[in-house]
Amino acid sequence: MDNRKKELTRAYKQNHRPMGVFQIRNIANDKVLIGVSLNLPGILNRHKFQLRMGKHGNHGLQAEWDEFGSESFAFEIIDELQPREERGYDYREDLAFLEELWLEKLKPYGDRGYNEKKKGKEERLKEIAAHRSRE
């Protein structure tokens, strides 16, 4: 029994969960939220749970979920990374790159979506400098 449990645990750890880019799409107005995850089923379940509980961190998405109802939203995988042969490979850089590509393609900001535009390196450095000068 112990060996079987160890074997199942090892197999579970070696199997990759689907990872990649997802979108939550408001069918009523075509606005989208784009995101990435190393565990797509897990992150989609998390978003659904938070929305149903009224506790989603994206207030615009939550407000429209409350207004239009759950039947007006689709949870979709739009790009998936395939696992590499290399054990221990860190997929986070690949996911960040894919996310940038999809954000550039779909531009899900303002009236088109729920994402907030990411700040560039210079803008972040200015904010850090401004914060330090206030201290």
Exercise. Could you please find all residues in segment 18-32 being farther than 14 Å from SER72 by Cα and in a strand (DSSP E or B)?
Key: MET19, GLY20, VAL21, PHE22
Practice problem: Please determine, by comparing only the residues of segment 120-135 that are at pLDDT 75 or above and among the basic types (Lys, Arg), which one is surrounded by the most Cβ atoms within 10 Å (Cβ to Cβ). | Solution: LYS126
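Regarding segment 56-69, can at least one residue be identified that is at pLDDT 95 or above, in a loop (DSSP other than H, G, I, E, B) and acidic (Asp, Glu)?
Scanning segment 56-69, I find no residue that is at pLDDT 95 or above, in a loop (DSSP other than H, G, I, E, B) and acidic (Asp, Glu), so the answer is no.
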Self-check item: Filtered residues of segment 78-135 (kept if among the aromatic types (Phe, Trp, Tyr) and closer than 22 Å to GLN23 by Cα)
Solution: TYR91, PHE97, TRP102, TYR109, TYR114
Practice problem: Just give me the residues in segment 33-42 being crowded, with 17+ Cβ neighbours inside 10 Å and not in a strand (DSSP E or B), in sequence order. | Solution: LEU40
Exercise. Considering each of ILE77, ILE43 in turn, give the residue that is out of contact with any Pro (no Cβ under 8 Å at 6 or more places or on another chain) and under 18 Å from GLY113 (Cβ atoms).
Key: ILE43
Quiz item: What number goes with the only condition from (1) modelled with pLDDT of 95 or more; (2) of a type in the set (A, V, I, L, M); (3) assigned to a helix (DSSP H, G or I); (4) surrounded by fewer than 15 Cβ atoms within 10 Å (Cβ to Cβ) that LEU103 does not pass?
Solution: (4)
Quiz item: Only one of ARG84, ARG46, ARG52 is closer than 13 Å to LEU33 by Cβ, surrounded by 11 or more Cβ atoms within 10 Å (Cβ to Cβ) and not hydroxyl-bearing (Ser, Thr, Tyr); which?
Solution: ARG46
Quiz item: Do we have any residue at all in segment 74-81 that's in a helix (DSSP H, G or I) and either free of Cβ contacts under 8 Å to residues at least 12 places away in the same chain or surrounded by 12 or more Cβ atoms within 10 Å (Cβ to Cβ) (or both)?
Solution: no
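The values are calculated or read from the model by the stated rules, or taken from the named source; none is laboratory data. Note that the structure is a prediction, hence the values are computed from the model and not measured. When we count neighbours, we look across all protein chains shown, and the Cβ atoms used for this are built from the backbone with ideal geometry, even at glycine.
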